[in-house]
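Chemist: Below you'll find the structure I mean.
The values are calculated or read from the model by the stated rules, or taken from the named source; none is laboratory data. Everything numeric here is computed off the predicted structure, so don't read it as measured data. Counting neighbours? That spans all protein chains shown, and the Cβs are built from the backbone with ideal geometry, glycine included. Surface areas here come from the heavy atoms of the whole protein model, side chains and all, with no ligands, DNA or RNA. Shrake-Rupley method; radii C 1.70, N 1.55, O 1.52, S 1.80 Å.
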Amino acid sequence: MTSPTKAEGSGPSIALDPELETNAEAAKSGKLEGRSPGQLMWQRFRRDRTGMICAGVVVFYFVIALLAPVITSLYGKDPYTLYGQDSTYADSPVLDDFGLPLGYLGGVSADHWFGVEPQYGRDLFSMLLYGMRTSLFMALGVTTLMMITGVIIGLVGGYLGGKTDYWLGRLTDFFLSFPQQLFFIAFMPVVTAFFVDPREETPTYFRALAILIVLWLLGWMGMSRLVRSTVLSLREREFVEAAKVSGASPWRIVRKEILPNVVTPILVQTTYQLPSTILSIAFLSFAGVGFVEPTPDWGRLFAAGAKYAEQDPAFMFFPGMALVIFVLCFNLLGDSVRDAFDPKSGR
């Protein structure tokens with residue numbers, strides 16, 4: 001770090017911002033180049049050690065989820081085989097006579113790194129990898145739809161105002177009036193029963209589609225209100241008025257003048273929304289209206305862990321730690337992104 005500069009005489013030392021000192025040195029050498037807001041944000045973000053570590057952890061989770069089939073193939077286990085009941089594996093039993101895992105920590109061994117599931121003997125490591133894959137990519141799709149819907153409705157209502165803003169606001173209030181978690185539980189069976197005969201097994205892809213639709217319909221309102229409030233403050237600014245006077249179309253004004261100024265709250269809100277969506281998907285599966293057997297899912301692992309809590313408390317340990325670490329890192333990443341976009345931040 002550059003040492004603090006000192007005024008002439010015996011005055012106190014004044015510490016300068018390292019970024020300002022770097023700019024000053026570049027200006028003296030004649031190599032000062034302009035940087036975009038994105039470049040400035042990235043420069044501030046790279047100096048945030050916590051943010052960089054959390055970003056690495058989040059990327060690691062998504063890579064592991066994406067490569068789950070490859071990893072389990074190399075590992076030699078899968079999340080569907082009942083290693084405790086399949087006679088093929090009778091020479092290497094994993095369950096005792098009461099259906100509980102043999103060994104410590106729920107059957108942790110060289111063959112089963114995270115142990116096995118009681119009663120069935122399924123490999124927990126493989127179940128966790130595929131459960132992360134299901135939850136993460138479902139949450140990514142749901143969050144993307146919610147953000148796009150919220151941004152569009154917020155931009156239209158905030159910029160056009162008048163009756164358009166009034167009716168879009170009432171639509172937002174209508175969806176906000178639903179008690180979300182209770183509605184999730186009540187509406188999911190209705191959606192599946194409406195399209196699938198109750199006497200038939202609901203396909204996994206249709207359950208995934210129903211979860212996506214329910215969470216999307218009940219999750220875009222927060223982003224919409226955030227974007228609307230930001231646009232209401234921006235549409236009266238001088239640069240927007242100058243664009244109107246110059247004859248720019250409303251679409252060009254929204255796209256070129258307003259939208260770039262709402263990117264920051266959109267990105268920050270997205271980093272908070274995605275882990276919240278993962279928890280919502282896990283809650284649906286835990287409540288029995290999301291993914292069901294034999295589809296691996298984070299929420300279903302918790303539901304099974306609650307059932308086996310007295311006999312095998314270790315079954316909940318690895319899925320629980322994985323979820324806590326991911327949600328914590330993603331929330332810290334959201335804080336770092338927010339601070340990186342804020343030039344007044346001290347981080």
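Chemist: Work out the charge dipole of the stretch 152-310 with +1 on the Cβ of Lys and Arg and -1 on the Cβ of Asp and Glu about the Cα centre, then indicate which of 276, 188, 204 is farthest towards its positive end.
Modeler: Comparing the listed Cα positions along the dipole, 276 ranks first.
Chemist: Additional query: Which distance in nm do the two modelled labels at residue 140 and residue 182 give, with both placed 7 Å along the Cα-to-Cβ direction?
Modeler: Result: 3.5 nm between the two label points.
Chemist: In addition: How many nm separate the modelled label positions at residue 212 and residue 82, each set 7 Å beyond the Cα in the direction of the Cβ?
Modeler: 3.2
Chemist: Putting +1 on Lys and Arg Cβ atoms and -1 on Asp and Glu Cβ atoms, find which of 112, 139, 149 reaches farthest to the positive end of the dipole of the stretch 111-192.
Modeler: Most positive-ward Cα: 149.
Chemist: Report the Cα-based extents of the stretch 119-272 along its three principal axes, largest first, to the nearest Å.
Modeler: Cα spread of the stretch 119-272 along its principal axes, largest to smallest: 71, 33, 23 Å.
Chemist: Using a 1.4 Å probe and counting only protein heavy atoms, arrange 163, 307 so the residue with the most accessible area comes first. Each step should come with its number before you reach the end.
Modeler: On the way: 163 165, 307 130 Å².
Result, largest first: 163, 307.
Chemist: Over the chain, what is the relative contact order in whole percent, taking alpha-carbon pairs under 8 Å and six or more residues apart? Please list the in-between numbers first.
Modeler: On the way: 401 pairs, mean separation 75.8, N = 347.
Relative contact order comes out at 22 percent.
Chemist: So, one more: Quote the FRET efficiency, to the nearest 0.05, computed for residue 249 versus residue 67 with a Förster distance R0 of 56 Å and r equal to the Cβ-Cβ distance.
Modeler: The formula returns an efficiency of 0.75 here.
Chemist: Taking semi-axes √(5λ) of the Cα gyration tensor in Å as the quantity of interest, determine which of [x] 59, 30, 21; [y] 30, 27, 22; [z] 47, 32, 15 was computed from the displayed structure.
Modeler: Of the labelled values, this structure produces [z].
Chemist: Okay, moving on. Just subtract the alpha-carbon distance of residue 256 and residue 242 from 0.36 nm times their residue separation and send over the number in nm, one decimal.
Modeler: Working: separation 14, 0.36 × 14 = 5.04 nm, distance 1.26 nm.
So the chain would gain 3.8 nm between residue 256 and residue 242.
Chemist: Then there's this: Size of the dipole of the stretch 201-347 about the Cα centre, Lys and Arg at +1 and Asp and Glu at -1 on the beta carbon, nothing else charged, in debye to 20?
Modeler: Values: 14 positive and 12 negative charges, 141 e Å.
Roughly 680 debye, rounded to the nearest 20.
Chemist: Extension gain residue 39-residue 232, at 0.36 nm per residue separation less the Cα-Cα distance, in nm? Intermediate values should be presented prior to the final figure.
Modeler: Details: separation 193, 0.36 × 193 = 69.48 nm, distance 2.71 nm.
In short, 66.8 nm is gained.
Chemist: OK, next. Give the distance, in whole Å, between the Cα centre of the stretch 287-347 and the Cα centre of the stretch 193-219.
Modeler: 23
Chemist: With every protein chain present, what is the per residue accessible area of the chain (1.4 Å probe, Å²)? Please list the in-between numbers first.
Modeler: Numbers: 19350 Å² over 347 residues.
Accessible area per residue, the chain: 56 Å².
Chemist: In the chain, carbon and sulfur make up what percent of the accessible area (probe 1.4 Å)?
Modeler: Details: 12310 of 19350 Å².
Carbon with sulfur: 64 percent of the solvent-accessible area.
Chemist: Moving to a separate point now. Based on the Cβ-Cβ distance of residue 53 and residue 75, what FRET efficiency does E = 1/(1 + (r/R0)^6) give at R0 = 30 Å, to the nearest 0.05?
Modeler: Details: r = 27 Å, r/R0 = 0.88.
Taking R0 as 30 Å, the efficiency between residue 53 and residue 75 is 0.70.
Chemist: Counting only chymotrypsin sites (Phe, Trp or Tyr not before Pro) that sit in a DSSP loop (anything but H, G, I, E, B) with at most 16 other Cβ atoms within 10 Å, what is the longest stretch of the chain containing none of them?
Modeler: 114-347
Chemist: Further question on the same structure: May I ask you to list the GluC sites (Glu not before Pro) in the stretch 183-262 that are in a DSSP loop and have at most 13 other Cβ atoms within 10 Å of their Cβ? Each step should come with its number before you reach the end.
Modeler: Working: sites: 200, 201, 236, 238, 241, 257; in loops: 200, 201, 236.
Sites meeting the loop and neighbour criteria: 200, 201, 236.
Chemist: Okay, moving on. Nearest 20 debye, what's the magnitude of the dipole of the chain about its Cα centre given +1 on Lys and Arg Cβ and -1 on Asp and Glu Cβ? Spell out each step's value before the answer.
Modeler: Details: 28 positive and 31 negative charges, 353 e Å.
For the chain, the charge dipole is close to 1700 debye.
Chemist: Restricting attention to the stretch 191-226, which trypsin sites (Lys or Arg not before Pro) occupy a DSSP loop and are surrounded by at most 14 other Cβ atoms within 10 Å?
Modeler: 199
Chemist: Hey, if you put +1 on the Cβ of every Lys and Arg and -1 on every Asp and Glu Cβ in the chain, which of 226, 332, 52 ends up farthest toward the positive end of that dipole?
Modeler: 226
Chemist: For the pair residue 309/residue 193, report the inter-label distance in nm, with labels modelled 7 Å from Cα in the Cβ direction.
Modeler: Reported label-point gap for residue 309 and residue 193 is 2.9 nm.
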